[in-house]
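Reviewing the structure listed below.
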Amino acid sequence: QVQLVESGGGLVRPGGSLRLSCVASGFTFSNYRMTWYRQAPGKEREWVAGIGSISKLITYADSVKGRFTISRDNDKKMVYLQMNNLKVEDTGIYYCRIHAQNYWGRGTQVIVSS
């Protein structure tokens with residue numbers, strides 16, 4: 001049974017940082033590209049970042065490029081999203097997802113507010 005569990009969200013001031021984590025189970029983690037998405041209040045879910053199975057082919061949405069860093073640890077079956085210089089518009093629920101698969105975690109909430 002595929003499971004993805006996100007953690008690390010919270011309330012942070014603009015300019016602050018958070019590190020999100022996602023632990024995976026139920027599939028061969030090292031074989032799959034992993035992605036982060038987010039959904040802001042009242043908006044559709046949007047793609048944020050992706051990382052290839054061996055940490056290559058790293059891509060970011062333009063809105064987070066230069067501020068967010070995606071990484072993974074295949075031994076621990078974890079994918080991370082380091083978020084720096086957070087902005088109010090980064091507020092939302094952040095989800096990890098197996099690329100091109102319909103498996104999602106429940107998400108972790110990030111609130112950026114002064």
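Strands (runs of 3 or more DSSP E) wholly in the range 1-63 with at least 1 residues that are in contact with a strand residue (DSSP E or B) (Cβ under 9 Å, 6 or more places away or on another chain), closer than 14 Å to ARG97 by Cα and hydroxyl-bearing (Ser, Thr, Tyr) - which ones?
Of the strands (runs of 3 or more DSSP E) lying wholly inside the range 1-63, those with at least 1 residues that are in contact with a strand residue (DSSP E or B) (Cβ under 9 Å, 6 or more places away or on another chain), closer than 14 Å to ARG97 by Cα and hydroxyl-bearing (Ser, Thr, Tyr) span 3-7, 18-25, 34-39.
Can you work out which of the residues in the range 20-44 that are under 16 Å from GLY92 (Cβ atoms) and in contact (Cβ under 8 Å) with a residue 60 or more places away in the chain is farthest from the chain's Cα centre (by Cα)?
Among them, the one singled out is GLN39.
Could you check the range 1-27 and list, in sequence order, the residues that are within 16 Å of SER113 (Cα to Cα) and of a type in the set (Val, Ile, Thr)?
VAL12, the sole residue that qualifies.
When residues of the range 98-114 are filtered for being modelled with pLDDT of 95 or more and in contact with a Leu (Cβ under 7 Å, 6 or more places away or on another chain), how many remain?
Number satisfying all stated conditions: 5.
Considering each residue of the range 93-107, count those that are open to solvent by 40 Å² or more (accessible area, probe 1.4 Å) and either free of Cβ contacts under 8 Å to residues at least 12 places away in the same chain or assigned to a loop (DSSP other than H, G, I, E, B) (or both), and give that number.
Adding up the residues that qualify gives 6.
Checking SER17 against (1) surrounded by 14 or more Cβ atoms within 10 Å (Cβ to Cβ); (2) under 13 Å from GLN82 (Cα atoms); (3) of a type in the set (S, T, N, Q), only one condition comes out false. Which one?
For SER17, the exception is condition (1).
Might you check whether a residue that is touching a residue at least 60 places away in the same chain (Cβ under 8 Å) and out of contact with any helix residue (DSSP H, G or I) (no Cβ under 6 Å at 6 or more places or on another chain) occurs anywhere in the range 70-81?
Yes; the residues of the range 70-81 include at least one that is touching a residue at least 60 places away in the same chain (Cβ under 8 Å) and out of contact with any helix residue (DSSP H, G or I) (no Cβ under 6 Å at 6 or more places or on another chain).
Does at least one position in the range 43-59 carry a residue that is out of contact with any His (no Cβ under 8 Å at 6 or more places or on another chain) and under 22 Å from SER114 (Cβ atoms)?
Yes.
Could you list, in sequence order, the residues of the range 93-114 that are hydrophobic (A, V, I, L, M, F, W, C) and under 14 Å from LEU18 (Cα atoms)?
If the condition is that a residue be hydrophobic (A, V, I, L, M, F, W, C) and under 14 Å from LEU18 (Cα atoms), then ILE93, VAL110, ILE111, VAL112 are the ones that fit.
Which ones in the range 72-92 are in a strand (DSSP E or B), open to solvent by 10 Å² or more (accessible area, probe 1.4 Å) and more than 19 Å from GLY16 (Cβ to Cβ)?
ARG72, ASP73, MET78
The values are calculated or read from the model by the stated rules, or taken from the named source; none is laboratory data. Small disclaimer: the values here were computed from a predicted structure and weren't measured. FYI the Cβ positions are ideal-geometry reconstructions off the backbone, even for glycines, and counts take in every protein chain you see. For accessibility, only protein heavy atoms count, side chains too; no ligands or nucleic acids. Shrake-Rupley method; radii C 1.70, N 1.55, O 1.52, S 1.80 Å.
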